[in-house]
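Take a look at the structure below.
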Amino acid sequence: MKRLLVFLLVFIMVSSIAACGSATNSTSDKTASGAAVTASSGGGEKAPEIDNSKANKPVHLKFMSHTYKPWNDVLTKQAAAFQKENPNVTIEYTTVEHKDLNTKFMTALASGTAPHIMGVYGPWMEGLVKNKWIAPAPDFVEADIKANTVEVAGQSATYDGKIYGYIQHIGIPTPIINERIYQEAGLQIPTTYDELLAANEKLDKKDGNGKLTQAGTTLSAKKDGSWNVIHWSSILKSYGGKIISDDKTKAAFNTPEGLQATKVYAKLTHANFIDNAFTLEKSAMEWNGPWTKAFYQQNNPNLKYKAIAPLKGPAKQVTTMYAWFWTVNANVPADEQEWAWKFNMYISNDKNYLDLCKEIGFISFRKANLEDQQYVSDPWIKAFGNALNNAEIYYDKIPNWEKVDVAIGEELERMNVGEQTPEQTLANAEKKVNEILANK
Amino acid sequence: MVKNKMAFFRKHSINKKKQLRFIIIGLTPIMIYFFIFSIFPVFYSLYISLHKWDIMDIKKPFIGLSNFKWALTDHVFYISLYNTVYYSAFYVTLITILGLLIAVFVNSLNERFISFMRGVIFAPVVTSMVAVCLMFNWLYQPMYGVLNYVIGLIGLGPYDWLNSSKMVIPSIIIMSVWKSVGYTMVIFLAGITTIPYVYYEAAQVDGASKFWSFLNITLPLLKPTTLFVVVTSLIGSFQVFTQVYVMTGGGPGTSSRTLVMHIYETGFKFFEMGRASAVAYLLFAIVLIITLIQLKYLKSDFEY
C-alpha cells in the first residue's frame, strides 16, 4: 500500500518536473544570434546573406492569423513556396476565428506557447509592445518598410520610434453604391454628407405598413468587430470631431461637431433592417473594405456596384481605417525570430503581396505595387487606393483602446435600436470613456 | 475451529487490501484530473482575485479586496446581475411549470405515443446550443423572420426581438425554454411514474376529479422532483452564456449582458483576470445563497 502511494507521488512529481522542463526549453536560447538566412526573392529590400553555419539548422515556425479562407489559401501556398526555397524551414499555419483571435494570442503568450508569427489587429499593438510580447523589426525589415512602403504603413506600426511589423492588410471602408438603384432613381453619386442625406430621402422606401423595404444607406449598427465605431468615427472626423483629447486623458467627442456627426450616423444605420441588405440589393449604399468584392461576386453575381470617394464633411474629406500587422513573438529564440522576420518579409514583398492583393482584393501598401498599371487601372482598386489619401487611423494608440472601443460601440448600438437619443449616447459614452481613461 | 477462523480473517483481510488497492488505482486518474481541473482552479482563482492580474502584464501585485470593491461599485456588474436574475426567474419558473404540464400530458397518452412524444420534445435538448441560437437568430429577424410573420397573421407584432432592450431577454428566455423543457419533462415523467397508482384509484373511488388528483396527489408527491428541477435549473440559469454570446453579444448596449458574459469580457476581452475572478466568486456566493434558501424552504419533510 505504502509502495503504491510512494509510486503515485513520484509519478506526479516526475510528470510535473517534465512539464516544467519542456516549457523552459521552449523559451530558452533567446540570446542565440542568427546572422541571417536566405535573401527572399520578389522585390523590395534584400535580406542579409546567409550564415552557412546556421543555414541548415532545422527551424519550425508557427504562424497564426484569423480565418478568411480565400486569404488563408494564398498564404498557405506562399508558405509552401518559402519552405521550398528554404528546405530547413517548416511552417505550421493555424487560423483562428476572428473574434477569438486576441484571446488566443493573449492566453498563448501568457502560457509561453504563442506562435512565432502573429497576425495582430492595430489596437492590440500598444499593449503587446508595452509588455514586450512582440519584437521590434530588425534593420533589414525596417529599411524595407521605410524605403518601399507608403508612409502610413511605417507610421501605424511605429511605437517609441521602432517599427513592430509589416502591414498584413489595410481595412479601409469606403462608400460603395448600387449603381442600378442610383440610376433608376435618377440620382447623382453623392460627394458630401448633405448630398447623401438628400439622396436617402428618395431612396429610403417603405411599404403600406411603414415597413422599410429599401434603405438609402446601411452603415454598421452593431458593435461587432468595432465596425459601428469605425463608421461613426469617419463621420465624426469629417465633421471636425475627434474621439480622445490630444493628451489622451479624456473623451473629446461630446461637442457640437460630435453631436452633428452622431445624428448623421444615426440616420444612416437602419439597425432593424435585414443583414447584408446591400448584397441583396435592398440598400443603395454601404461602407466596406476592398475584400467585399469577392463576397458580392459569390453571393450576388448580378449586383452592379461601385466604390466611390469618401464623403466630404463640413471640416474635411476623410475615411477612417485600421490595419492588421504581421508581428514576431519576442519570446522565441533569436535565430527563430530572424527566420520569422524573413518569412514576414517574403509574404510582404512586392510580388507576393501583389499576388495576394489581386486574389483577395486587398489594397497594397507597397509603393511598387501602387505604380503597377495593371493593378491600379482596376477602378475598384483605384477607388480604394485613392481613399488611402484621405485615410486616418480610427483608433488612438493607448493601452486600453479595446475598452474605449467597446464602451462607445455599446452606446452607439443602444442609439441605433432607438433606446437613446444622440445627445444621451454621447453623454453616456463620454462618461464611460473618461472612467476608462482615468483608471489606466 | 480456531485455525479456520484465523484463515478466514486472513483471507478476508487480503481481500480488503486488494479491494482498497483496486479502488486507489481506479480512482487515482480521475482524482488527479479532478484536482487539476476543478479543485486547483477554484483555489487558484481565489488567489488571482486578490491580485492585479492582467494577462499582458508580467507584474501581478497583491491588492487585497480591491477587485471585489471594483466589482461591487461597477454599474455594469449590477446591470449584469439584474439581467441574470431577470432571466433566471422567468426561465426557471417557465421550465418548471411547462416541464411538469408536458410530463403530465405525455404520461396521460397512449403507451405508443409516450415514447414518440418524449423523443420529439427531448430532441432540442440534444441539439447543439450554437445551432439552435443561429436558427433562432433567423426566426427572430425583425423584418423577414418567420416568427413576426406568424404572429402577424393574428394581428400581433412585429417585434424587434433581439434588437430591443425590452424584448431581448424575453427572446432569449423563449429560446432557452424551448431548448431545455424536454429535460425537465423527462425528470418529471420519471417522478410521476414513481407515484403509486393506488392513490389515484382511491381518489377516483372517492369521486375526485383529475384536476383534484393532480393538485392533491401529483403535485405534493413530486415535491422532491420539483426541488431537484428548480435547484439544478437555477444553478444552470445563473451561468447563462452561450445564448447571449452567440445571439446578442450582450447587446443591444448592455441589455442582455449577464454575469458570465461580464466575467468572460472582463477576463478574455480585457484580460483582467483578477477582476474576472472576483466577479466569478461573487456569482458563486449569490448562487450558493439562493440554493441554500431553496433547500431550506422547498425541502420535502416527508418521504413516500
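A few notes on this one:
- B:Phe35 being of a type outside the set (Gly, Ala, Ser), over 30 Å from A:Asn329 (Cα atoms) and crowded, with 16+ Cβ neighbours inside 10 Å: no
- Residue within region B:224-237 that is away from chain A (no Cβ under 14 Å), buried (at least 19 other Cβ atoms within 10 Å of the Cβ) and over 26 Å from B:Leu81 (Cα atoms) present: yes
- Test: residue in region A:370-382 that is within 14 Å of chain B (Cβ to nearest Cβ) and in contact with a Ser or Thr (Cβ under 8 Å, 6 or more places away or on another chain): no
- Test: residue in region B:1-11 that is modelled with pLDDT under 95 and within 33 Å of the chain's Cα centre (by Cα): no
For every residue, the table says whether it meets (1) within 14 Å of chain B (Cβ to nearest Cβ); (2) at pLDDT 95 or above.
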site	(1), (2)
A:Ser53	no, no
A:Pro58	no, no
A:Met64	no, yes
A:Ile91	no, yes
A:Leu101	yes, no
A:Thr107	yes, no
A:Tyr121	yes, no
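- Test: B:Phe90 is surrounded by 15 or more Cβ atoms within 10 Å (Cβ to Cβ), away from chain A (no Cβ under 14 Å) and under 18 Å from the mean Cα position of the chain (by Cα): yes
- On the stretch given as region B:153-170, residues that are of a type in the set (A, V, I, L, M), within 12 Å of chain A (Cβ to nearest Cβ) and assigned to a loop (DSSP other than H, G, I, E, B) total 2.
- Residue match in region B:276-292 (condition: within 14 Å of chain A (Cβ to nearest Cβ) and closer than 30 Å to A:Lys432 by Cα): yes
- Subset of region A:386-438 (residues that are surrounded by 19 or more Cβ atoms within 10 Å (Cβ to Cβ), touching a strand residue (DSSP E or B) at 6+ places or on another chain (Cβ under 9 Å) and in a loop (DSSP other than H, G, I, E, B)): A:Tyr394, A:Tyr395
- Count of residues meeting criterion [within 14 Å of chain B (Cβ to nearest Cβ) and not in a loop (DSSP other than H, G, I, E, B)] in region A:260-313: 2
- Check on B:Phe116, under 19 Å from the mean Cα position of the chain (by Cα) and farther than 28 Å from B:Thr258 by Cα: no
The rows are residues; the columns are (1) at the interface with chain B (Cβ under 10 Å from one of its Cβ atoms); (2) crowded, with 23+ Cβ neighbours inside 10 Å; (3) of a type in the set (Lys, Arg).
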residue	(1), (2), (3)
A:Glu201	no, no, no
A:Lys211	yes, no, yes
A:Ala221	yes, yes, no
A:Trp232	no, yes, no
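- Pairs with Cβ under 7 Å, 6+ apart, first in region B:36-60 and more than 15 Å from B:Gly267 (Cα to Cα), second polar (S, T, N, Q) and surrounded by 11 or more Cβ atoms within 10 Å (Cβ to Cβ): B:Ile58/A:Asn131
- Taking (1) part of a helix (DSSP H, G or I); (2) at pLDDT 95 or above; (3) farther than 30 Å from A:Asn148 by Cβ in turn, A:Trp341 satisfies each apart from (3).
- Hits in region B:178-201 (condition: surrounded by fewer than 17 Cβ atoms within 10 Å (Cβ to Cβ), outside any loop (DSSP other than H, G, I, E, B) and in contact with a helix residue (DSSP H, G or I) (Cβ under 9 Å, 6 or more places away or on another chain)): B:Trp178, B:Ala190, B:Thr193, B:Tyr199, B:Tyr200
- The condition of being within 19 Å of the chain's Cα centre (by Cα) and farther than 20 Å from A:Asn434 by Cβ holds for only one of A:Asp275, A:Asp224, that being A:Asp224.
- Entry remark, region A:283-329: residues being more than 25 Å from A:Trp380 (Cβ to Cβ) and within 21 Å of the chain's Cα centre (by Cα) number 3 in total.
The values are calculated or read from the model by the stated rules, or taken from the named source; none is laboratory data. Just so it is clear, the structure is predicted and the values come from calculations on it, not from any experiment. Here Cβ is always computed from backbone atoms with ideal geometry, including for glycine, and neighbour counts include all displayed protein chains.
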